[in-house]
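The block underneath contains the structure these notes are about, expressed in structure tokens.
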Amino acid sequence: MIAFAILMVAQVANGQAPAGDAPAAPVSEATTTAPATPLTVVLKWAPLLLKGFIFNIVISVASMALGTITGLLLGLGQISQRKWVAKLSWFFTQFFRNSPWLVLLFFAMFMIPFQITIGSVTIPLPDWFKAIIGFSLPVMANVSELLRGAIRSLPSGQWEAAESLAFTRTQTIWKIILPQCVKRMLPPWMNLYSLITMATVLASIVGVGEMLTLTAQVHAAEGGRPELFAPLYGFAGLCFFAYCWPISKLTQRLERRFNVKT
Amino acid sequence: MAAPQATSAPAWTPDQPIIRVKDVHKSFGSFQVLKGMSMDVKKGEAICIIGPSGSGKSTLIRCMNALVDITEGSITVENQEVNDPNLDKLKLRRKVGMVFQQYNLFPHKTALQNVMMAPINVLKQDKKEVEERAHALLKKVRLTGKENNYPGELSGGQQQRVAIARSLAMRPDIMLFDEVTAALDPETVKEVLVTIRELAEEGMTCLLVTHEMKFARDVADHIYFTDKGVIVEHAPPEEFFDNPKDERTRTFLGQIL
Ligand SMILES: Nc1ncnc2c1ncn2[C@@H]1O[C@H](COP(=O)(O)OP(=O)(O)OP(=O)(O)O)[C@@H](O)[C@H]1O
Ligand SMILES: [Mg+2]
């Protein structure tokens, strides 16, 4: 699934590189002919901007997937019976949970090398890849904490019942504890996904060609006319709203349903 | 005979006590909960443990399946010493079933799945065979027709009977019951007690912590009365109820009957 997401990113990123240069061309055209209405400008650039938006979604999905997997591991680390594992996992969770996302993004951008060499193979690490890592860090920390909270919210009787039935600790966690945590974690996890999706525009600050970067480029290409500012950025906002609002609705519905049942 | 430290115990034979509790002490931090309790339980006996709240009844039976470690003294279950750092707790727990006051069913599994879980995951038994046995066990506790209900869809009494079936599915030699009817409505208490009584009559070794005096009198072979971490007295039920020796027992029975 991650591999698929990364492939998608690669494709979008590659396809978008020439497109990223494209806005430079129409500048002369825009200055010679009569200024277009904001609506036609938005419509003209919508395909490019939507491509950028897909890039945002791909980054969010990939970092959510990566962050969820690592976060579950970190969360299990937090409840480890080995004291040092628990302490270390707790520390990483708290550290990444209490750092601004932008800081973590910078951190990933500048700490991860632009390529790695394993033997004779050199793998380039493009910016979008680093951005995925950067966003996966807060996801990881939040998922870790969600898992710990969900586990703690289960009655201790669940552990005791499993223990008295001769389950090992590992069996108890996998067969009895985690399945019950999924339901509890799902709504806040979806919330987290919405937040990370909206945060992906931060990647524009470090030069990843996502929707906001493209919006700025388009705006500049259209001569930076002030009356285009609202429509162009409004379109970006609308895209995020149209994507995140249904998720938020679904989250609320799930929350209500789970609350009634348990 | 073998030294008490020996890890490999002499094979247990049914004429020996199945559980032997000797001078067991248990502290939580500096708080002493058990202050030297002893008892012998023979195979097939039904033992009731009664006593005021906080006297250590739950702690005592939790020591018997190593849910709680004892601080001092000795408990052997089929000659296996429980107070042994090398104890194979899982092996012990396969022999000793436990039912709790709060049922503690797994809410994400149906009644049938609850019963099947331990044999499949712990004993790695064949699923088909386990399923057949689970159906039989649910029938035994009179829950035929409820196999596919989740715990949340069952009454307290029904849940508790699923919990009993779940424990029995491991084919234990001993069953521990910790106030299993204390959370139930008066009407549903009976259906659970009937199930336990049948078990006892079939020869299952049962240890029950209970406040059901009538049940204790009818079903128990022996009654232990605990107070403040010690066993104050123990006797067969008639003697215990009709002729209690200790002042504390008389006070307790006076309050409760
Ligand atoms: N894990 C624990 N940590 C600290 N204290 C404990 C723990 N478990 C039990 N205790 C204390 O030990 C004492 C005896 O508890 P226990 O549950 O064995 O009593 P009980 O006889 O079963 O009482 P009840 O009838 O209320 O169930 C109580 O004072 C209780 O607070
Ligand atoms: Mg108790």
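Each value in this text was obtained by applying a stated rule to the coordinates, not by laboratory testing. What you see is a predicted model, and the numbers here were worked out from it, not measured in a lab. In this analysis, Cβ positions are derived from the backbone assuming ideal geometry, glycine residues included, and neighbour counts consider all displayed protein chains.
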Q) Rounded to the nearest 500, what is chain A's calculated 222 nm mean residue ellipticity when only DSSP H runs of at least 4 contribute -39500 (n - 2.57) each, over all residues? A) -26000 deg cm²/dmol
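Cβ neighbours within 10 Å, averaged per peptide: list A:170-177, B:105-112 in order, most packed at the top. Could you put the intermediate results ahead of the total?
Details: A:170-177: 17.5, B:105-112: 21.5.
Highest to lowest by the protection proxy: B:105-112, A:170-177.
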Q. How high is the FRET efficiency between A:Gln252 and B:Ala11 when r is their beta carbon distance and R₀ equals 60 Å, given to the nearest 0.05?
A. 0.45
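Using a Förster distance of 51 Å, how high is the FRET efficiency between B:Asp88 and A:Trp245, based on the Cβ-Cβ distance and rounded to 0.05? The partial results should precede the final answer.
On the way: r = 56 Å, r/R0 = 1.09.
The value I calculate is 0.35.
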Q: Could you give log10 I(q)/I(0) at q = 0.09, 0.11, 0.16, 0.17 Å⁻¹ for chain A, computed by the Debye formula over C-alpha point scatterers of equal weight, without solvent?
A: -0.52, -0.72, -1.20, -1.28
(Q) Students often get this wrong, so check it: of B:Lys89/B:Lys140; A:Lys175/B:Lys127; B:Lys95/B:Lys190, which have C-alpha atoms separated by over 19 Å? (A) B:Lys89/B:Lys140; B:Lys95/B:Lys190
Q: State to the nearest 20 debye the size of the charge dipole of segment B:19-256 about its Cα centre, where the only charges are +1 on K and R beta carbons and -1 on D and E beta carbons.
A: 660 debye
Q.
Can you tell me which of A:Ser63, A:Ser204, A:Ser136 moves the most in a GNM of chain A? Springs connect C-alpha atoms under 10 Å apart.
A. A:Ser204
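How big, in percent, is the set of alpha carbon pairs in segment A:64-137 lying more than 15 Å apart?
Beyond 15 Å sits 62 percent of the P(r) for segment A:64-137.
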Q.
With θ taken as phi - 60° and the coefficients 6.51, -1.76 and 1.60, list the Karplus ³J(HN,Hα) couplings across segment B:125-142 in order, rounded to whole Hz; mark glycine and proline as x.
A. 7, 5, 4, 4, 5, 5, 5, 4, 5, 5, 4, 4, 5, 5, 5, 4, 8, 6
Q: Between beta-carbons, use under 12 Å as the cut-off and find the net charge around B:Asp246, counting Lys and Arg +1, Asp and Glu -1.
A: 0
Q | Spatial extent of segment B:171-220: Rg and Dmax, with the Cα atoms as the point set, Å | A | 10.5, 30
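Run lengths n ≥ 4 of DSSP H only: what is the helix-derived mean residue ellipticity at 222 nm for chain B, with -39500 (n - 2.57) per run over all residues, to the nearest 500?
After summing the helix terms and dividing by residue count, I get -10500 deg cm²/dmol.
For the protein assembly as shown, what does the convex hull of the Cα positions come to per residue, in cubic angstrom? List each step's numbers first, then the result.
Numbers: hull volume 111.3 nm³, N = 519.
So the per-residue Cα hull volume is 214 Å³.
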Q.
Could you work out the pair-distance distribution P(r) of segment B:51-180 from its alpha-carbon pairs, with 10 angstrom bin width and percents rounded to whole numbers?
A. 12, 40, 31, 15, 2
**Q.** Computed label-point distance, nm, for sites B:Leu123 and A:Ser80 using a 7 Å Cα→Cβ extension
**A.** 3.5 nm
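Find how much the distance from B:Val230 to B:Thr144 grows on full extension, using 0.36 nm per residue of separation minus their present alpha carbon separation; answer in nm with one decimal. Let's see the in-between values first.
Details: separation 86, 0.36 × 86 = 30.96 nm, distance 4.23 nm.
Gain in length upon complete extension: 26.7 nm.
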Q | R0 of 45 Å, Cβ-Cβ distance A:Leu154-A:Arg225: FRET efficiency to nearest 0.05 | A | 0.20
Q) D for segment B:83-134, whole µm²/s, Stokes-Einstein with Kirkwood Rh over alpha-carbon pairs at 10 °C and 1.306 mPa s: what number? A) 125 µm²/s
Q: Could you work out, residue by residue across B:106-112, how many beta carbons of other chains sit within 10 Å of that residue's beta carbon, and then give the average as an integer?
A: 4
Q) With no solvent and one point per C-alpha, what does the Debye sum give as log10 I(q)/I(0) for segment B:19-256 at q = 0.11, 0.12, 0.14 Å⁻¹? A) -0.57, -0.68, -0.92
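Nearest-5 percent of antiparallel DSSP beta bridges in chain B?
Details: 20 of 37 bridges.
Roughly 55 percent of the DSSP beta bridges within chain B come out antiparallel.
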